[in-house]
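What follows is a single structure, written as structure tokens, with notes after it.
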Amino acid sequence: MSVIRRRCSALLAGLLLATGAALAQTYPSKPINLMVPYPPGGSSDAIARIFNVPLGKEVGAQVIVENLGGVTGALAAQKVLAAPADGYYVFQGSPNEVILSPLANAAVKLKAEDFRLLHPVADAVMVFLTRQDLPANSVDELIALARNSADRPLTYGSVGIGSLYHLILEDVQHRTGIKLQHVPYKGNAPLLQDIAGGQVDFAVLVYSASMGALADQGKLKVIGQLGAQRSELLQNVPTASEGKELQNFSYKIWTGFMVPKQTPEDVVQRLHTAISKTLQDPTVRSQLAAQTQAASSAMSLADSAKFFDSETARYRAIAKQVNLQPQ
């Protein structure tokens, strides 16, 4: 390399460093968009609106909630990736949008590695629920019933092929050797309605207040939860792993704040610190609990990265195991 080329390379490197430092020092200098990958009114939107004001106070700028539904949440994820990686677009995502969508939908071109997880923010309680008259009152009894129903496989609903709920029940079949019949739905609401109406035998879904109300009315049964330990929000329902059939079985659906991978490190650190402080806000924690969500445990940036990598590897392995093909 010539002397001139070396000097030019050194100058370019210096300019890049200076630009990054200047960005970090002035960040944030305008409002930050928190991108929600679903329309207003759902649980994802509720989480964003719990966080946006207190997070804005911690980071030092207004945080604006932006909703964009479509392609199972991937449309919003792709919009964030198309924006400059400068910390002014933060994606509120879960495994469904950034890990599973590319595995199930050929039109989705993003991959989990395009994002950096700043911090998980909320964990939802997932449960096994059944129609009221299904003769099973525990997860072990449900599996035993499925074994004895080879002539008429039990039906389970999910929000679609390749969804987290679909993959979880594919994993259950792989672990136990039972055979189930999958019935895809376009959303949680019609599926919950059909379980209450007896049109489908059971499902795995995120626990919600409306589900609890239907259970109290005797229209369906909540027979087990999927976490490693009983949630503080649902202490009276045993975990699946407390039984004999699904020991060491644990799933949770988490929501996290993410940015494109190329976002400057100092900006990432600023956002991570603000999110961590917001998670300790008692009002934020109580509002999440009212939405049947638990505030995520504190994580460093390194721990967040390890968690995201392990979740990505886990769901890709299950997708490969069940031969999930993009449609």
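The values are calculated or read from the model by the stated rules, or taken from the named source; none is laboratory data. Everything quoted here is computed from the prediction, not taken from an experiment. We place every Cβ from the backbone using ideal geometry, glycine too, and count neighbours over all the protein chains shown. Side chains are part of the model used for accessible areas, which takes the heavy atoms of the whole protein and leaves out ligands, DNA and RNA. Shrake-Rupley method; radii C 1.70, N 1.55, O 1.52, S 1.80 Å.
For Ala317, the criteria (1) modelled with pLDDT under 95; (2) in a helix (DSSP H, G or I); (3) touching a helix residue (DSSP H, G or I) at 6+ places or on another chain (Cβ under 9 Å) hold in every case but one, which is (3). When region 277-311 is limited to residues that are of a type in the set (S, T, N, Q) and surrounded by 19 or more Cβ atoms within 10 Å (Cβ to Cβ), the one that is modelled with the lowest pLDDT turns out to be Thr292. Just to be sure I understand the filter: pairs with C-beta atoms under 6 Å, separated by 6 or more residues or on different chains, first member in region 293-319 and farther than 23 Å from Glu170 by Cβ, second member open to solvent by 50 Å² or more (accessible area, probe 1.4 Å) and of a type in the set (D, E, K, R). Which pairs pass? What qualifies is Ala295/Arg285.
Taken together, the residues in region 116-148 that are farther than 22 Å from Val159 by Cβ and open to solvent by less than 10 Å² (accessible area, probe 1.4 Å) amount to 5. When region 80-102 is filtered for residues that are in contact (Cβ under 8 Å) with a residue 24 or more places away in the chain, open to solvent by 20 Å² or more (accessible area, probe 1.4 Å) and either assigned to a strand (DSSP E or B) or farther than 12 Å from Asn33 by Cα (or both), the ones remaining, listed by number, are Leu81, Ala85, Tyr89, Asn96, Pro102.
Out of the residues in region 160-213 that are β-branched (Val, Ile, Thr) and touching a residue at least 60 places away in the same chain (Cβ under 8 Å), which is nearest to Pro326 (Cα to Cα)? It comes out as Ile161. In region 184-197 there is at least one residue that is of a type in the set (Lys, Arg), assigned to a loop (DSSP other than H, G, I, E, B) and at pLDDT below 90. When you check Arg131 against the structure, is it of a type in the set (D, E, K, R) and within 30 Å of Asp281 (Cα to Cα), yes or no? Judged against the criteria, Arg131 is not a match. When region 149-173 is filtered for residues that are open to solvent by 30 Å² or more (accessible area, probe 1.4 Å) and either over 11 Å from Ile318 (Cβ atoms) or modelled with pLDDT under 90 (or both), the ones remaining, listed by number, are Ala150, Asp151, Arg152, Pro153, Val159, Ile161. Selection of region 279-325 for residues being over 23 Å from Ser43 (Cα atoms) and touching a Gly at 6+ places or on another chain (Cβ under 8 Å) yields Ala319, Leu324.
Pairing each residue of region 131-145 that is over 9 Å from Leu220 (Cα atoms) with any residue that is open to solvent by less than 40 Å² (accessible area, probe 1.4 Å) and among the small types (Gly, Ala, Ser), provided the two are 6+ apart or on different chains, yields C-beta distances under 7 Å for Ser138/Gly224; Ser138/Gly243; Val139/Gly224; Val139/Ala240; Val139/Gly243; Asp140/Gly243; Leu142/Ala136; Leu145/Ala136.
Selection of region 236-279 for residues being over 30 Å from Asp140 (Cβ atoms), of a type in the set (A, V, I, L, M, F, W, C) and within 18 Å of the chain's Cα centre (by Cα) yields Phe257, Met258, Val259, Ile275, Leu279. If I filter region 214-256 down to residues being out of contact with any Gly (no Cβ under 8 Å at 6 or more places or on another chain) and part of a strand (DSSP E or B), which single residue comes out as surrounded by the most Cβ atoms within 10 Å (Cβ to Cβ)? My answer is Gln225.
Quick one: would you say Leu246 is touching a helix residue (DSSP H, G or I) at 6+ places or on another chain (Cβ under 6 Å), under 28 Å from Glu170 (Cα atoms), of a type in the set (A, V, I, L, M, F, W, C) and touching a residue at least 40 places away in the same chain (Cβ under 8 Å)? Judged against the criteria, Leu246 is a match. If the condition is being open to solvent by less than 50 Å² (accessible area, probe 1.4 Å) and in contact with a Ser or Thr (Cβ under 9 Å, 6 or more places away or on another chain), then region 197-213 contributes Val200, Asp201, Phe202, Ala203, Val204, Leu205, Val206, Tyr207, Ser208, Met211, Gly212. Of the residues making up region 260-269, not one is of a type in the set (D, E, K, R) and surrounded by 19 or more Cβ atoms within 10 Å (Cβ to Cβ). Restricting to region 145-181, name every residue that is touching an Asp or Glu at 6+ places or on another chain (Cβ under 8 Å) and of a type in the set (A, V, I, L, M, F, W, C). Within region 145-181, Leu154 is the sole residue that qualifies. Among the residues making up region 100-146, those that are within 30 Å of Pro264 (Cβ to Cβ) and aliphatic (A, V, I, L, M) are Leu100, Leu103, Val108, Leu110, Ala112, Leu117, Leu118, Val121, Ala122.
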